Amino acid sequence: MSVFLSNDVIAFLFAELIVIVLMAISQFYIVRILRYWDFNATTNLQYTLEKHNYLVNTILFFTIFCKIILFVFFALSLNKLSSVVPGAMCSAGVIGSNEYGNILFLLKLLLIFGLGLWLVVNYLDLKAINFPFLKRKYIIFSILFCAILGEFVLEILFFTNIPLSVPVFCCSVVFQAPKLPFGYTQAMLAMFFYVIFASIAVLNFLKQSMASFALNLLFLFIAYYAITYFFGLYVYEQPNHKCPYCMLMGEYYYIGYPIWGSLFLGIFYGITPFLVELITGYDYTHLLRLSSFWLLINVAICSFYVAKYYFTIGVLL
Amino acid sequence: MVSKNFIDYAIKLLYKDRADHAFSFIIFTFIVFILSSVLFISSSIQNDLSLSIQNSPSVVVEAVRAGKKDTMHDGYIYDIKRINGVSDAWGVVDGYYYFGQKRIWFHIIGLDELDENEMIIGEGVKREMAELYYEDVFNFLTEHALIPIKINKIASHSSNIITNDVIYLNPTTARAVLSLEEGEYTKIYVDVPNENEISQVALSISNLYPNTQALSMEDRISDIRHLYYYKGGIFMVIYSAAMISFFILLKNQISLAYGSKKREIAILRSIGYAIKDIIALKFIQNFTVATSAFLLGVALAYIYIFIFNAPLLRNVFLGLEIENSVTFTPIVDFNMLFLIFLFSVIPFLAFVIIPSWRIAIADMSEAVK
């Protein structure tokens, strides 16, 4: 038996397949555009290509929008599947149930970042009159499309390999404390978390896009561990419950969505300006303000839970 | 990017051309209606069953011999009670009686509170018995004797999904009806007060008696979930095939409808609409059609299932063996609406993109001639 027949999985794969077919259609035109595009030419071919460019743009706009919705849906269905997979109490068990889950999840996140970056480049390209970045953006898209195909294969492998008879590990086993990298302690993680956040805020204020980019990548890594191993404990109000997924559930008022959502938005706006500059040469540092804003929200929510626990119980975990 | 006036215009135009969109609207409403009906029923049944399991004992132990259900004796209960974390264990009589005249099975459950010559029956059982004129007394046939039992009362309507085919009897009578010896049990119920210890206790029981199956509450809930996932899933697979054919039809229909509007679009373009404006216009219109059909379909399904109790469709899920008189508990959550939306509206819009574009790029000088 496999979870392949559960409603969520079928609906998810169906929508995913339609999105991929649409993307493949646009990829077909993209290849032609990449080969023959010459904005200064007045040939019939160029005229047709410009028409196809509209189609490609519409499709990509639609599919990227769908991919983002599908990502949220994926997270929701993993939560639902945890009631079917034995031993799994939250998404951690479902994702960790076979070797494909974690790679898939990471790939999905990277793709969301990549597609978001693509949207920014696309926006800049459409704003200019003569499509200056057309080839570059379509090359980026072709790479993303290959990754999306890989993602689809991984999804099928992941869903077909979820065991339903043997219990999987739940989050309390997966996220044991000794697994912290480089011998970090929880106090160090929390300290790094605040220090890096403060430096990012300063750098963002100074509009140093490259330094911001590097620190944001570091922050993504540190924040993941800090939230899982330090701030999560205060969300669950238990010293031994370490899990990045359980906070997405209704028992914790879905606080995981704001926490992870604000973190990813902050990181996204933090790393995009540098990449956009790299690709297009435009100065795009006004996004750094958004980065500071979202990261501040993330830090505020995390600190709120620690403060709340300290003021109601009187001790720290 | 898109101004309010533009959306306003798109909707006005949609209203003017409503006949062109009526086909896709009606069919799409129907499709969403069927899909949400099936999902509503299955989630409602799942919910009722899981709720009833949460009120039942923590672990259910059954013995197996040669692949068949076997009986257990007091020794099992004594040993199980000594496992750490178990607060109580008791044996129950629970089995099936074959009612040959109607060729159906009644589910017999022993209940201590009942007198030896009375029984409580579910509504489905009552209807079946009444058809053969067993109004006050029912005669159970066993290999040794004929046991007449007074029909005492009907199980409450609220526990319907569980008790529909159930007969509650005094354990002694139930043993006689099921031909069990004194001191034999078909199931042992185990109470574990600490929820976190349940699966551990279940494991200890199977270790102690390798011939038993100890099912924890969690196992039973996930079994039920899985069964209905399966039923719903097979439906969804067939359904996706039907949907794809609808979407292809839709695509053709939209190209046709837009084809006749070529003049209108050419005029729009000659007064300064860009290709992407026309695509946006068509997209807004189709989004309106799809979402309103989605909302109407879901609302109709809600009325059909939870107010009219799903005539015809219920049999798919509940089986015909004893015709059910279950009423469904309304369970509609955000997750499910999201699922239906994803499964219907997104493909709808996806199939509209290419026809919209094809119309938008059409040569306008040809059309206005």
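The values are calculated or read from the model by the stated rules, or taken from the named source; none is laboratory data. What you are looking at is a predicted structure, and each value in this text was computed from that prediction instead of being measured. So basically every Cβ, Gly included, is an ideal-geometry build from the backbone, and we count neighbours across all protein chains shown. Protein only, heavy atoms only, side chains kept; ligands, DNA and RNA dropped before computing areas. Shrake-Rupley method; radii C 1.70, N 1.55, O 1.52, S 1.80 Å.
All of (1) surrounded by 21 or more Cβ atoms within 10 Å (Cβ to Cβ); (2) outside any loop (DSSP other than H, G, I, E, B); (3) out of contact with any Ser or Thr (no Cβ under 6 Å at 6 or more places or on another chain) hold for A:Q46 with one exception: (1).
Here A:L126 clears all of (1) away from every other protein chain (no Cβ under 14 Å); (2) touching a helix residue (DSSP H, G or I) at 6+ places or on another chain (Cβ under 9 Å); (3) assigned to a helix (DSSP H, G or I) except the condition numbered (1).
The requirement of being in contact with a helix residue (DSSP H, G or I) (Cβ under 8 Å, 6 or more places away or on another chain) and hydrophobic (A, V, I, L, M, F, W, C) is satisfied by B:V192. Among the residues of region A:21-30, the one identified as away from chain B (no Cβ under 12 Å) and open to solvent by less than 20 Å² (accessible area, probe 1.4 Å) is A:I30. Just so you know, in region B:262-275 the residues that are surrounded by 17 or more Cβ atoms within 10 Å (Cβ to Cβ) and touching a residue at least 40 places away in the same chain (Cβ under 8 Å) include one that is nearest to A:E50 (Cα to Cα), and it is B:I275. On the stretch given as region B:269-293, residues that are of a type in the set (A, V, I, L, M), within 14 Å of chain A (Cβ to nearest Cβ) and part of a helix (DSSP H, G or I) total 7. Residues in region B:196-216 that are in contact (Cβ under 8 Å) with a residue 60 or more places away in the chain, open to solvent by less than 50 Å² (accessible area, probe 1.4 Å) and either more than 21 Å from B:S50 (Cβ to Cβ) or small (G, A, S) (or both): B:A202, B:S204, B:I205, B:Y209, B:T212, B:A214, B:S216. What residue, among those in region B:39-77 that are of a type outside the set (S, T, N, Q) and closer than 25 Å to B:N309 by Cα, is surrounded by the fewest Cβ atoms within 10 Å (Cβ to Cβ)? The residue in question is B:L51. For region B:217-248, the tally of residues that are more than 10 Å from chain A (Cβ to nearest Cβ), open to solvent by 70 Å² or more (accessible area, probe 1.4 Å), in contact (Cβ under 8 Å) with a residue 24 or more places away in the chain and not β-branched (V, I, T) stands at 0.
Can you name every residue in region B:332-354 that is crowded, with 17+ Cβ neighbours inside 10 Å and away from every other protein chain (no Cβ under 11 Å)? Once the filter is applied, which keeps residues that are crowded, with 17+ Cβ neighbours inside 10 Å and away from every other protein chain (no Cβ under 11 Å), region B:332-354 yields only B:V332. Out of B:I254, B:I278, B:I265, one residue alone is within 19 Å of B:L14 (Cβ to Cβ) and in contact with a Pro (Cβ under 7 Å, 6 or more places away or on another chain). It is B:I254. Residue pairs whose Cβ atoms lie under 7 Å apart, separated by 6 or more positions or on different chains, with the first residue in region A:216-237 and on the phi > 0 side of the Ramachandran plot and the second crowded, with 22+ Cβ neighbours inside 10 Å and in a helix (DSSP H, G or I), do not occur. Among the residues of region A:129-172, those that are aromatic (F, W, Y), open to solvent by less than 60 Å² (accessible area, probe 1.4 Å) and at pLDDT below 85 comprise A:F131, A:F133. For region A:1-15, taking the residues that are more than 7 Å from chain B (Cβ to nearest Cβ) and assigned to a helix (DSSP H, G or I), the one that is most open to solvent (accessible area, probe 1.4 Å) is identified as A:F4. In summary, B:A22 fulfils each of the numbered conditions (1) part of a helix (DSSP H, G or I); (2) at pLDDT 85 or above; (3) away from every other protein chain (no Cβ under 14 Å); (4) surrounded by 13 or more Cβ atoms within 10 Å (Cβ to Cβ) with the single exception of condition (4).
Here A:F62 clears all of (1) outside any helix (DSSP H, G or I); (2) facing chain B (nearest Cβ under 9 Å) except the condition numbered (1). The lone criterion from (1) acidic (D, E); (2) in contact (Cβ under 8 Å) with a residue 40 or more places away in the chain; (3) in a loop (DSSP other than H, G, I, E, B); (4) out of contact with any helix residue (DSSP H, G or I) (no Cβ under 9 Å at 6 or more places or on another chain) left unmet by B:D112 is number (4). Beta carbons closer than 7 Å, at least 6 apart along the sequence or on distinct chains, pair a first residue in region B:163-175 that is closer than 26 Å to B:L51 by Cβ and polar (S, T, N, Q) with a second that is open to solvent by less than 20 Å² (accessible area, probe 1.4 Å) and outside any helix (DSSP H, G or I) for B:T163/B:G122; B:T163/B:A155; B:N164/B:G122; B:N164/B:I322; B:N164/B:V326. Would you check if there is a residue in region B:256-268 being assigned to a helix (DSSP H, G or I), at pLDDT below 85 and facing chain A (nearest Cβ under 10 Å)? Among the residues of region B:256-268, not one is assigned to a helix (DSSP H, G or I), at pLDDT below 85 and facing chain A (nearest Cβ under 10 Å), which makes the answer no.
Being open to solvent by 30 Å² or more (accessible area, probe 1.4 Å) and either in contact with a Gly (Cβ under 8 Å, 6 or more places away or on another chain) or more than 22 Å from B:S179 (Cβ to Cβ) (or both) holds for only one residue in B:E123, B:E116, and it is B:E123. Scanning region A:34-89 for residues that are among the small types (G, A, S) and at negative phi yields A:A41, A:A75, A:S77, A:S82, A:S83, A:A88. Put simply, of A:I33, A:I18, A:I68 the only residue that is within 9 Å of another protein chain (Cβ to nearest Cβ), assigned to a helix (DSSP H, G or I) and either in contact with a helix residue (DSSP H, G or I) (Cβ under 6 Å, 6 or more places away or on another chain) or open to solvent by 10 Å² or more (accessible area, probe 1.4 Å) (or both) is A:I18. Does B:Y168 satisfy being in a strand (DSSP E or B), open to solvent by 40 Å² or more (accessible area, probe 1.4 Å), at pLDDT 85 or above and within 30 Å of B:A130 (Cα to Cα)? The answer is yes for B:Y168. The single condition among (1) exposed (fewer than 14 other Cβ atoms within 10 Å of the Cβ); (2) within 14 Å of chain A (Cβ to nearest Cβ) that B:E182 does not meet is (2).
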